[in-house]
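> Please find one structure pasted underneath; my questions will follow.
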Amino acid sequence: MEEDFDRELKVLVVGNGGVGKTSMIRRFAKGIYTDEYKKTIGVDFLEKALFVDELQEEVRFMLWDTAGQEEFDAITRTYYRGAGAAVIAFSTTDRASFDAVAMWKSKVEAECGEIAVALVQNKVDLVDQAVVSATEVETLARKLGLKLYRTCVKEGINVTEVFVYLAELNQRKQQAAQPPVEMLPSKPKVLSAEPAENSITVDSGDNRAQTVDLAPSKKRTKGKKSLKDRMSSCSVA
Amino acid sequence: MLGVEGSTLMSYMEQKPMKVKRRARKGILPQFRGLAWFILSGGRALMANSGIEGQNYTAILQKATGRDKTSDEAIMRDLDRTFPTNLYFMDRQGKGQLALYNILRAYSSYDPKVGYVQGMSYIVAVLLVHMNEEQAFWSFSSLMQGGQLTAAMSPAAAASAGQGSSSKVPASSTANKQQQASAAAPEAIALRGMFTEGMPLLQLSLFQWQGLLESELPKLAFHLKTQGLDPSLFGTHWFNTLFSYTLPFHHLVRIWDVYMVEGIKIVFRVALTLMKLNASKLLAFRFEGLVDVLSSKKVARLLGSLSPNQLLQAALKIPVSSRLKGKGQEWKSFVQNSRP
């Protein structure tokens, strides 16, 4: 039996319709791009194994593609469970998709707690059609406490970087949460390893937003060594 | 059996519904398909009734212009992403995309409670390949209301369809009349429920699907479950696009021939056939492999070398009605009990 020390990370990719979520996942997982994608109806899934230098470890990214239209929440929400990271994507050329970023963040937080999240501005090659300014994007990223990546999925610019960052951040969050002597519900400050001072607290109306999910990204480790054990031997660069 | 302007088909539907059913199962001739669908979907009747009330497509479309910006943008975004490789829909601002845009816009104003939801564009596109824009609009609207003339098949269904089905259709009184006129339309077959808030019909269909799979292919059902593969992951677009998202056209139109007369049952039957055909292969895969094989891009491969005829023959052999009904009742009481 082959021994596999793969680390698994479930990554959600969310954001309004048409911002390039499917293309981004395909670009990252398969290195390809076409502009003939169908819209995603419901959810889709792809995986990608990548050796992450910064972690000195191979990470298996389980990439969950979700329909951007809100009506599909009824279906897509179930797939939020167990995610260890999320990409919130919007498009340079779609104002509404930018305006919806905070809403997507609170949706992710409501279902998953404070997992690793990155903000992705896609289609940066279309600057001449831009409907959001660089400053307002940066301001929003700071306000939400998210690291911003500007990508051009079409040209494959900055795409892998997003996922590598998420893998690192996920690990940092888990390490920070490693000796949780007493359990929740009080909101442990340490867990928000990212710039927390400026982050707005998204209140979902109950305590769910504050619940931090410390479980590994997936529960299907099938008797393999637990993720936590494996990770305690890693160091952050 | 179509007759002049479909007149024969109309009378057959009333007098010899079983014959219509048999013929649809055998496949409608391509040259008659457009007109037959227009009639069988209830589209033509709806158009006529609406006309009497002074509601015509042009007026609806005009009213829709500039009405709902968000919905408009969502539609526009999807035009390019509906059958992106089909000649008719390929070109931005081409004929196909323009007609698609018009219909979806018109519908979202005609039925504002639903508006535009992804999945619809695929259904409209398939209709558009077979008929003109106005006909496609009315056919779609009628399907959304469950306007098939299925009830002609069984008087009992017709009787039950008369009750309670009118409250949730668009507020126009023509729609209600159409419901009674076609006498079909129990809510369960109104496609609208695939797209309304919470997608009740989709949820019901997925629940029924799980039950069917468990009784038909228990081993496979168990395997999918233990691998964590919920039917919503691969089955959503089977149901809310009636396979138009994934299956090749030659197979698709045959499925739709039956759908127009018998409703959503055929979708379950075809899906079961695909699963049966691939069961041993699927049993060998773990989660990632399963998602891949069942993913939307590959559904067509599940057909193997099955011709449209063979697919239909195999599918129609699987009895589903009573099981669907049983699961439907189970779901109904489940939903009722889980209400606060």
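> Which of the three applies to the range A:37-133, rounded, prolate or oblate, going by the alpha-carbon gyration tensor with a ≥ b ≥ c and a/c under 1.5 meaning rounded? Spell out each step's value before the answer.
Values: a/c = 1.65, a/b = 1.23, b/c = 1.35.
It comes out oblate by the Cα gyration axes.
> Another question about this same structure. In square nanometres, what is the average projected area of the Cα convex hull of chain B?
On the way: hull surface 69.3 nm².
One quarter of the hull surface, i.e. the mean projection, equals 17.3 nm².
> Oh, and also: Tell me, what ³J(HN,Hα) does each residue in the range B:260-274 have, in order and in whole Hz, if you take phi through Karplus 6.51 cos²θ - 1.76 cosθ + 1.60 with θ = phi - 60° and put x for Gly and Pro?
3J(HN,Hα) across the range B:260-274, in whole Hz: 4, 9, 10, x, 5, 3, 5, 5, 4, 5, 5, 4, 4, 4, 4.
> Taking every residue in B:287-297, how many Cβ atoms of other protein chains lie within 10 Å of its Cβ, on average? Could the numbers behind the result be given before it?
Numbers: counts 5, 5, 0, 1, 6, 3, 0, 1, 3, 5, 3.
For this peptide, the per-residue mean of nearby foreign Cβ atoms is 3.
> Amide H to amide H under 5 Å from A:ALA89: which residues, 5+ apart in sequence or cross-chain, H placed 1.01 Å off N in plane?
A:VAL14, A:GLY15, A:VAL120
> Counting only other chains, what is the mean number of Cβ atoms within 10 angstrom of the Cβ of each residue in peptide A:41-52? Intermediate values should be presented prior to the final figure.
Details: counts 12, 15, 6, 8, 10, 4, 4, 0, 0, 0, 0, 0.
Rounded to a whole number, the mean comes out at 5.
> Using the Karplus curve 6.51 cos²θ - 1.76 cosθ + 1.60 with θ = phi - 60°, what ³J(HN,Hα) values do you get for each residue of the range B:316-332, in whole Hz, with x for Gly and Pro?
6, 6, 8, x, 10, 3, 6, 5, 4, 5, x, 5, x, 5, 4, 5, 4
> Still on this structure, please answer the following. If the viscosity is 0.692 mPa s and the temperature 37 °C, what Stokes-Einstein diffusion coefficient in µm²/s follows for the range B:1-111 when Rh is the Kirkwood radius over Cα pairs? Intermediate results must be reported in sequence, preceding the final value.
Values: Rh = 16.3 Å.
It comes out at roughly 201 µm²/s.
> So if I restrict to the alpha-carbon atoms in the range A:1-75, what is the Rg, and what is Dmax, the biggest pairwise distance, in Å?
According to the Cα coordinates of the range A:1-75, Rg and Dmax are 14.3, 44 Å.
> Going by amide H atoms built from the backbone, whose H comes under 5 Å of the H on A:ALA49, apart from near neighbours?
Excluding prolines and chain starts, which carry no amide H, the hits are A:PHE61.
> Also, I was wondering about something else. Between B:LYS276 and B:ASP292, what length comes free when the chain is fully extended (0.36 nm per residue of separation minus the Cα-Cα distance, one decimal in nm)? Could the numbers behind the result be given before it?
Numbers: separation 16, 0.36 × 16 = 5.76 nm, distance 1.75 nm.
Gain on extension, B:LYS276 to B:ASP292, equals 4.0 nm.
> Continuing with the same structure: What full-extension length gain, to one decimal in nm, is calculated for B:GLN93 and B:ASN132 as 0.36 nm per residue of separation minus the Cα-Cα distance?
Working: separation 39, 0.36 × 39 = 14.04 nm, distance 1.70 nm.
Full extension of this stretch gives 12.3 nm more.
> Can you pull the semi-axes for the range B:199-338, root of five times each eigenvalue of the Cα gyration tensor, sorted largest first, whole Å?
On the way: eigenvalues 94, 77, 37 Å².
In descending order, the three semi-axes are 22, 20, 14 Å.
> With 23 Å as the limit, write out which pairs from B:LYS95/B:LYS298; A:LYS38/B:LYS63; A:LYS21/A:LYS154; A:LYS30/A:LYS173 have Cα-Cα distances beyond it, or answer none. Display every interim value, and only then the final one.
Numbers: B:LYS95/B:LYS298 29 Å; A:LYS38/B:LYS63 29 Å; A:LYS21/A:LYS154 12 Å; A:LYS30/A:LYS173 28 Å.
The pairs that break the limit, which is 23 Å between Cα atoms, are B:LYS95/B:LYS298; A:LYS38/B:LYS63; A:LYS30/A:LYS173.
> Suppose the Debye formula is applied to equal point scatterers at every Cα of the range A:7-177; what is log10 I(q)/I(0) at q = 0.20 Å⁻¹?
-1.47
> How many nm separate the modelled label positions at A:THR139 and B:SER333, each set 7 Å beyond the Cα in the direction of the Cβ?
Between A:THR139 and B:SER333, the simple spin-label model gives 5.8 nm.
> Please list 3J(HN,Hα) in residue order for the range B:97-105, calculated via the Karplus relation 6.51 cos²θ - 1.76 cosθ + 1.60 where θ = phi - 60°; whole Hz, with x for glycine and proline.
3J(HN,Hα) across the range B:97-105, in whole Hz: 5, 5, 5, 4, 4, 4, 5, 5, 5.
> Around A:ASP94, which amide H atoms from residues at least 5 apart in sequence, or from another chain, sit under 5 Å from its own amide H, with H modelled in the peptide plane?
A:VAL131
> So what's the angle, to the nearest 10 degrees on a 0 to 90 scale, between helix B:231-240 and the longest Cα principal axis of chain B?
Its long axis makes an angle of about 30 degrees.
> Excluding residues on the same chain fewer than 8 positions from B:LYS219, give the aspartates and glutamates whose Cα lies under 17 Å from its Cα.
B:ASP230
Throughout, read-outs are computed from the coordinates displayed, never taken from laboratory work. None of the values given here were measured: they were computed from a predicted structure. Every residue, glycine among them, receives a Cβ derived from its backbone with ideal geometry; neighbour counts consider all protein chains shown.
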